[in-house]
Amino acid sequence: MKKSDKLRRRHWSRKPLPRFLIVCEGTVTEPHYFRELRRLERVPVDLDIRAGGVPKTLVERAASANQSQFWCVFDIDEHPFVPEAKQQARDNGIQVAVSNPCFEFWLLLHFQDQTAHIERDRVAHTCREHMPGYKKKPPCETLAPHQQEATARAIYLDNRQESNGNPGGNPSTGVYRLVQQIKAVRESPTIRRGE
């Protein structure tokens with residue numbers, strides 16, 4: 001075989017993108033945040049984001065889907081059956097990113113420490129102080145430079161709540177774990193050389 005023929009046969013092929021199914025409680029804030037995260041971080045990932053529902057319903061929807069990674073994103077709020085939803089998620093290999101009191105608490109951690117109990121209304125008010133004009137769509141360009149600090153704060157709170165015998169207590173958020181998983185896709189090569 002001539003060298004030129006061999007070179008002609010080589011081609012680049014793309015592996016399928018890793019898939020994430022993210023089932024979230026919110027219909028605007030969470031879907032917007034994760035889509036913008038993918039765009040800003042330039043992560044080669046296929047996000048299937050389905051919104052709306054209470055924790056138990058979200059877990060049931062994730063359990064019935066056929067995706068690579070399953071995540072449920074929800075708040076503690078006043079929802080019934082949260083412990084049952086968490087157990088059902090564990091039983092089905094679904095990961096959860098629970099925020100207490102609400103998803104916006106993850107946004108707040110981009111700007112400040114918060115170790116004392118905090119109510120949902122106070123979280124929203126303080127978020128608007130840091131992000132003037134914020135309503136439902138987080139300004140991800142503003143958040144991105146502070147993501148490492150937010151992650152460090154969330155990890156600290158997780159460890160603190162765990163050591164106090166109150167895992168997932170107010171305040172805490174597990175959103176950082178999902179963010180880390182999405183960003184980790186960037187470390188994996190998506191293009192390989194083929195013959």
Could you identify the single residue in ALA85, ALA97, ALA89 that is modelled with pLDDT of 85 or more and within 20 Å of ALA184 (Cα to Cα)? ALA97
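Given TYR176, TYR156, which one is more than 16 Å from the chain's Cα centre (by Cα), part of a helix (DSSP H, G or I) and aromatic (Phe, Trp, Tyr)? Full working, then the answer.
Working: TYR176 fails: more than 16 Å from the chain's Cα centre (by Cα).
After ruling out the rest, the residue left standing is TYR156.
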Number of positions in region 138-150 that are farther than 13 Å from ASP113 by Cβ and touching a Phe, Trp or Tyr at 6+ places or on another chain (Cβ under 8 Å): 2
Identity of the residue in region 77-97, out of contact with any helix residue (DSSP H, G or I) (no Cβ under 6 Å at 6 or more places or on another chain) and crowded, with 16+ Cβ neighbours inside 10 Å, that ends up nearest to TYR176 (Cα to Cα): GLN95
Among the candidates ARG128, ARG42, which residue alone is more than 13 Å from SER172 (Cα to Cα), touching a Phe, Trp or Tyr at 6+ places or on another chain (Cβ under 9 Å) and surrounded by fewer than 16 Cβ atoms within 10 Å (Cβ to Cβ)? ARG128
Among (1) on the phi > 0 side of the Ramachandran plot; (2) in contact with a helix residue (DSSP H, G or I) (Cβ under 9 Å, 6 or more places away or on another chain) - the single one GLY133 does not satisfy: (2)
Please determine, by comparing only the residues of region 131-153 that are surrounded by fewer than 18 Cβ atoms within 10 Å (Cβ to Cβ) and hydroxyl-bearing (Ser, Thr, Tyr), which one is farthest from the chain's Cα centre (by Cα). TYR134
If we scan region 58-65, do we find a residue that is among the aliphatic types (A, V, I, L, M), farther than 16 Å from THR29 by Cβ, without any contact (Cβ under 8 Å) to a residue 40 or more places away in the chain and not in a helix (DSSP H, G or I)? no
Just give me the residues in region 92-120 being in contact with a Pro (Cβ under 7 Å, 6 or more places away or on another chain) and of a type in the set (Asp, Glu), in sequence order. GLU119
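So for region 104-122 (the condition being β-branched (Val, Ile, Thr), surrounded by fewer than 17 Cβ atoms within 10 Å (Cβ to Cβ) and either modelled with pLDDT of 95 or more or on the phi > 0 side of the Ramachandran plot (or both)), does at least one residue qualify?
Of all residues in region 104-122, those β-branched (Val, Ile, Thr) come to 115, 118.
From what's left, surrounded by fewer than 17 Cβ atoms within 10 Å (Cβ to Cβ): 115.
If we keep only those that are either modelled with pLDDT of 95 or more or on the phi > 0 side of the Ramachandran plot (or both) too, we end up with 115.
Yes - at least one qualifying residue is present in region 104-122.
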So how many residues does region 156-168 have that are closer than 19 Å to LEU107 by Cβ and touching a helix residue (DSSP H, G or I) at 6+ places or on another chain (Cβ under 7 Å)? 1
Residues of region 73-128 being charged (D, E, K, R) and either part of a helix (DSSP H, G or I) or free of Cβ contacts under 8 Å to residues at least 24 places away in the same chain (or both), which ones? GLU78, GLU84, LYS86, ARG90, ASP91, GLU104, GLU119, ARG120, ASP121, ARG122, ARG128
How about region 129-150: which of its residues are assigned to a helix (DSSP H, G or I) and touching a residue at least 40 places away in the same chain (Cβ under 8 Å)? CYS140, GLU141, ALA144, GLU149, ALA150
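The values are calculated or read from the model by the stated rules, or taken from the named source; none is laboratory data. As the structure is a prediction and not an experimental result, all values here were calculated from the model. Positions of Cβ are generated from backbone atoms using ideal geometry, with glycine treated the same way; all protein chains shown enter the neighbour counts.
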